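Colleague: This structure is in structure tokens; I'll ask about it shortly.
Any read-out appearing in this document is the output of simple, stated calculations on the displayed coordinates, not a laboratory observation. None of these values were measured; they are calculated from a predicted model. Please note: Cβ atoms are built from the backbone with ideal geometry, for glycine as well, and neighbour counts cover all protein chains shown.
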Amino acid sequence: MSAQKPVVTRFAPSPTGYLHIGGGRTALFNWLYARGRGGKFLLRIEDTDRDRSTPEATAAILQGLRWLGLDWDGEAVSQFARKDRHAQVAHEMLDLGAAYKCFSTNEEIAAFRAEAEARGSYALFLSPWRDADPATYPEAPYVIRMKAPRDGETVIEDAVQGMVRFRNDQLDDMVVLRSDGTPTYMLAVVVDDHDMGVTHVIRGDDHLNNAARQTMVYQAMGWDIPVWAHIPLIHGPDGKKLSKRHGATAVGDYQAQGYPAAGMRNYLSRLGWSHGDDEFFTSEQAMEWFDLSGIGRSPARLDFKKLENICGLHIAAGDDAALLHEIEGYLVAAGRPALTEPQRDLLSRAMYCVKDRAKTFPELLEKAQFALTSRPIVPDEASAKALDTVSRGILKTLTPQLQTVSWTKAALEPILTEIATAHGIGFGKLAAPIRTALAGRSATPSVFDMMLVIGRDETIARLEDAAG
RNA sequence: GGCCCGUUCGUCUAUCGGUUAGGACACCAGGUUUUCAACCUGGUAAGAGGGGUUCGACUCCCCUACGGGCUGCCA
């Protein structure tokens, strides 16, 4: 294969449910690889299983990819729509002598397997029709099976797993075209990848075995074999295969929980792939660095603590306007009320002092509560304790001074410090009641930042409310 | 059952025959601090087990154990 050939990767989910976090990572790897090399990243919906495929699932998958920021080139391809082409290739294989019609019924095959199992030995099903004379063909439904080589071995050159050898006598004659004329996955995936010009197949290592049988189809048709890269699957925190009981398994769940997409991309790309000791990076850097040789061979576990840490760094480093936009998307995904215009404005102004202390959007919103809420401020139980008779009195002496002072931290700080000193208390003792008055809770930005964000009038009004 | 893949601190990982086995998250201790956080300093913590190959193995080979995948007219 020539190194100059432009890279074409693809993500090929089957639309039988939401976009799984593992699928999201597979898509991410393909996207990074293509984008980092000026190649194309294609999307194909593997919907040949008509019973299990749904339009809703397709929509959910596209939605998940969009949220993750993984844009694909061209239109998403429906595999089912290409069934005629698949059938055509199956018949070409027939003409080439690389496939044959098999008239064995499901019952016969099931009986064969049951019998083998009863004997305690497992045996591959070997169709009696493999070398049958066409003159003996019955008038009956048939499937088209690959006439797989019986001797020798099929070798997979995998960019991640290395050279993997399969003995051909371990592989049976797989069905390529069903009796209803529709293609199986094993055929469709090869035909589509070939027709779409896919150069690199990056997918879960649950497909490693399939690669051998798919190689046989490529060989039978005389097509170029793509570069294989079978990546290990993601496991749950307990090391078991990721499933519902681990909590969030759908990409959409993460959006609804308020993780920023940039953080998800960063975290997911570091799961099973590394570039030296780099931990925190942008997608641009990841594209530049991403390479198949950096992919590990062992499955990685999801670690929510680390995810949160990375996400916190991305929120802190994020552009204010972009964060605001993403937060509004989060609100919709989480089913929370949208921001009103004034809230939008206030949050925008508060962003600088709340973004560097939040790991997720709900946490950020919690810190920004002082800006989003409106009078009267109802203190929670803990912060209410800071508001006693003495502190109320102090607040009363404070408000007149705030009327005229220039509304900057530089001007406000001396005034508050002075008042604290005058009452013989530390600054912390003064900040507590002010915090209660302004936010009604204990986890907030600094009192100065809050005053600056909500402005002079609102500050004084809240302080007067609290002073009683 | 058969075939295939994997196994470095709790977790993600670096190392591509020679290192006191490094970093990050988490955790613990201390510091800083107007709250929550953040931040700073320090610390605990790893090559699954057994055989080889080699002057020398985490690195190469074999066996075992454990985990995972495939073994469908699912993808």
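Colleague: Counting Lys +1, Arg +1, Asp -1, Glu -1, what net charge surrounds residue A:348 among other residues with beta carbon under 12 Å of its beta carbon?
Modeller: Details: positive: A:344, A:349, A:355; negative: A:319, A:320, A:328, A:341, A:345.
Surrounding charge for residue A:348 is -2.
Colleague: Residue farthest toward the positive end of the dipole of the stretch A:92-197, with Cβ of Lys/Arg at +1 and Asp/Glu at -1: which of A:176, A:188, A:102?
Modeller: Of the options given, the answer is A:102.
Colleague: Relative to the present Cα-Cα distance, how much length would full extension add between residue A:54 and residue A:168 at 0.36 nm per residue of separation? If you can, show how the numbers build up before the last one.
Modeller: Values: separation 114, 0.36 × 114 = 41.04 nm, distance 3.59 nm.
Gain on extension, residue A:54 to residue A:168, equals 37.4 nm.
Colleague: If you take the charge dipole of the stretch A:416-468 about its Cα centre, with +1 on Lys and Arg Cβ and -1 on Asp and Glu Cβ, which of A:417, A:427, A:455 is farthest toward its positive end?
Modeller: A:427
Colleague: Quick one: of the DSSP bridges fully inside chain A, what percent are antiparallel, nearest 5?
Modeller: Numbers: 16 of 30 bridges.
Percent antiparallel among DSSP bridges in chain A is about 55.
Colleague: Taking θ as phi - 60°, what are the ³J(HN,Hα) couplings along the stretch A:386-401 by the Karplus curve (6.51, -1.76, 1.60), each to the nearest whole Hz, with x for Gly and Pro?
Modeller: 6, 9, 9, 4, 4, 5, 4, x, 5, 4, 5, 6, 7, 4, x, 5
Colleague: For residue A:317 and residue A:117, FRET efficiency with R0 = 45 Å and r from the beta-carbon atoms, rounded to 0.05? The partial results should precede the final answer.
Modeller: Values: r = 58 Å, r/R0 = 1.28.
That gives a FRET efficiency of 0.20.
Colleague: Right, something else. Decide, for the stretch A:11-96, between rounded, prolate and oblate: order the square roots of the alpha carbon gyration tensor eigenvalues as a ≥ b ≥ c, take rounded if a/c falls under 1.5, and otherwise choose prolate if a/b is larger than b/c, else oblate. Don't jump to the answer; show the numbers that get you there.
Modeller: Working: a/c = 2.61, a/b = 1.42, b/c = 1.83.
Judged from the Cα gyration tensor, the stretch A:11-96 comes out oblate (a/c at least 1.5, b/c at or above a/b).
Colleague: Using modelled amide H (1.01 Å from N, peptide plane; none on Pro or chain starts), what sits under 5 Å from the amide H of residue A:153, excluding residues fewer than 5 places away?
Modeller: Under 5 Å from the amide H of residue A:153 lie the amide H atoms of A:168, each far enough along the sequence or on another chain.
Colleague: Just to confirm the filter: which chymotrypsin sites (Phe, Trp or Tyr not before Pro) across the stretch A:121-185 are DSSP coil and have at most 12 other Cβ within 10 angstrom of their Cβ?
Modeller: On the way: sites: A:122, A:125, A:129, A:142, A:166, A:185; in loops: A:122, A:125, A:129, A:142.
Filter output for the stretch A:121-185: A:122.
Colleague: Spelling out what I want: for every residue of the stretch A:47-63, take phi, set θ = phi - 60°, compute 6.51 cos²θ - 1.76 cosθ + 1.60 (Karplus), and round to whole Hz; glycine and proline get x.
Modeller: After applying 6.51 cos²θ - 1.76 cosθ + 1.60, I find 10, 6, 7, 5, 6, 9, 7, 9, x, 4, 5, 4, 4, 5, 5, 4, 4 Hz.
Colleague: Helix A:320-334 against the longest principal axis of chain A: what's the angle in degrees, Cα atoms only, rounded to the nearest 10?
Modeller: Compared with the principal axis, the helix lies near 70 degrees.
Colleague: Sort out the exposed loop GluC sites (Glu not before Pro) in chain A (DSSP loop, at most 13 other Cβ within 10 Å) and tell me the longest stretch that has none. Show your work: numbers first, answer last.
Modeller: Working: sites that count: A:75, A:139.
Longest gap between qualifying sites, sites excluded: A:140-468.
Colleague: For chain A, what D do you get in µm² per second when you plug the Kirkwood radius from alpha-carbon pairs into Stokes-Einstein at 4 °C and 1.567 mPa s?
Modeller: Details: Rh = 26.6 Å.
Calculated translational D: 49 µm²/s.
Colleague: Relative contact order for the stretch A:224-285: what is it in percent, counting Cα pairs under 8 Å that are at least 6 residues apart?
Modeller: 23
Colleague: A follow-up question, please. Considering only C-alpha atoms, what is the centroid distance from the stretch A:95-158 to the stretch A:397-468, in Å?
Modeller: Computed from Cα coordinates, the inter-centre distance equals 82 Å.
Colleague: Output ³J(HN,Hα) for the stretch A:125-133: one whole-Hz value per residue in order, computed from phi by the Karplus curve 6.51 cos²θ - 1.76 cosθ + 1.60 with θ = phi - 60°, and x for Gly and Pro.
Modeller: 7, 10, 5, x, 8, 3, 10, 5, 6
Colleague: Find the relative contact order for chain A and round it to a whole percent, using C-alpha pairs within less than 8 Å whose residues are 6+ positions apart.
Modeller: Working: 724 pairs, mean separation 58.8, N = 468.
13 percent.
Colleague: Check the straight Cα-Cα distances from residue A:367 and name the lysines below 23 Å, setting aside those fewer than 8 residues away within the same chain.
Modeller: A:305, A:306, A:355, A:359, A:385, A:409, A:429
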